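Below: the structure, in structure tokens.
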Amino acid sequence: MTTARRYDDPCGIARALDAVGDRWALLVVRELIFGPKRFLQLRQGLRGVSPNVLSQRLRDLEAAGVVRRCMLGPPAEVAVYELTASGRALEPVLLELGRWGSRQPMTAAGELSVSALLIALETVFDPAAAPGAVFALRIDGDWYRLTAADGAIDIARGRADDPAVTFETDVATLRSVAFGREPVAAAERAGRLTVDGDRRLAERFARMFPVPDGRPPE
């Protein structure tokens with residue numbers, strides 16, 4: 001059994017790191033920020049983590065009161081992991097870390113996970129560009145609801161009721177469109193994006209996520 005390492009420091013930062021400072025811990029929180037996931041889904045979002053390490057991190061986070069394991073009811077009847085209220089309170093911390101880290105050199109060549117991309121959208125969201133609309137995003141088969149209104153953005157897992165625009169695509173294409181690498185129409189012509197709903201709002205989507213000066217391209 002691995003003995004948990006502690007800083008033995010009364011500072012709040014040290015106590016926070018006692019709970020979530022181990023490698024992969026905060027990335028597990030990132031993957032759960034938009035809703036519960038099964039163990040396999042977590043592994044898919046955390047490329048490079050071994051099953052044993054992920055299992056240990058989940059146990060550590062459960063012991064710290066950040067994550068809980070529960071069983072879905074019939075017909076699924078499978079175990080999922082979800083954030084506790086304490087775990088959800090880490091969202092603003094993740095957003096600020098994302099803003100800070102996005103200004104560091106880009107060294108990884110792999111694609112973002114869906115959760116990582118959605119958090120990245122939140123970190124660069126321009127309140128002045130919020131159109132007062134609900135977008136339905138079907139990304140690699142999973143549905144998310146993105147609400148941009150009153151100068152704020154809210155993203156949650158699940159299908160939106162009566163969205164103004166629906167995007168169906170993969171994570172790489174949404175990343176490309178959202179951060180202005182290619183127009184919506186170009187991704188549609190290439191067959192990588194399907195758009196339904198208000199075309200004007202669909203075109204405005206990318207303008208909500210400007211990349212700040214001095215930030216490496218997403």
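A short reminder: the numbers here are calculations on the coordinates, not readings from a lab. None of these values were measured; they are calculated from a predicted model. In this analysis, Cβ positions are derived from the backbone assuming ideal geometry, glycine residues included, and neighbour counts consider all displayed protein chains.
Taking 8 Å as the Cα distance limit and 6 or more residues as the minimum spacing, I'd like the relative contact order of the chain as a percentage. The partial results should precede the final answer.
Values: 317 pairs, mean separation 33.0, N = 218.
Value for the chain: 15 percent.
Rg and Dmax over the alpha-carbon atoms of the chain stand at 18.4, 58 Å.
Taking the Cα centre of the chain as origin and assigning +1 to Lys and Arg Cβ atoms and -1 to Asp and Glu Cβ atoms, the resulting dipole is close to 460 debye.
Shape analysis of the stretch 108-218 places it in the rounded category; the axes a ≥ b ≥ c from the Cα gyration tensor give an a/c below 1.5.
The value of relative contact order for the stretch 60-167, using C-alpha pairs under 8 Å at least six residues apart, is 16 percent. One decimal place: the segment residue 211-residue 143 gains 22.0 nm when fully extended, by the rule 0.36 nm per residue minus the C-alpha distance.
Could you tell me the calculated FRET efficiency between residue 194 and residue 18, based on Cβ-Cβ distance and R0 = 45 angstrom, to the nearest 0.05?
That gives a FRET efficiency of 0.45.
Report the FRET efficiency, 1/(1 + (r/R0)^6), for residue 150 and residue 77, where r is their Cβ-Cβ distance and R0 is 35 Å, rounded to 0.05. After rounding, the FRET efficiency stands at 0.30.
Ranked by how many other Cβ atoms sit within 10 Å of their own Cβ, fewest first, the residues 102, 55, 176 fall in the order 55, 102, 176.
Placing unit charges on the Cβ atoms of the charged side chains and taking the dipole of the chain about its Cα centre, the candidate lying farthest along the positive direction among 14, 130, 70 is 14. Its relative contact order, with pairs defined as Cα atoms under 8 Å and 6+ residues apart, puts the stretch 114-208 at 26 percent. Selection among 104, 117, 206 by position relative to the dipole of the chain gives 104 as farthest towards the positive end (Cβ unit charges, Cα centre). Classification of the stretch 12-101 by its C-alpha gyration tensor yields a prolate form. The axis ratio a/c (a ≥ b ≥ c) is 1.5 or more, and a/b outweighs b/c.
I'd like the antiparallel share, as a percent to the nearest 5, of DSSP beta bridges with both residues in the chain. Walk me through the numbers before you get to the answer.
Values: 24 of 29 bridges.
Beta bridges within the chain, antiparallel portion: roughly 85 percent.
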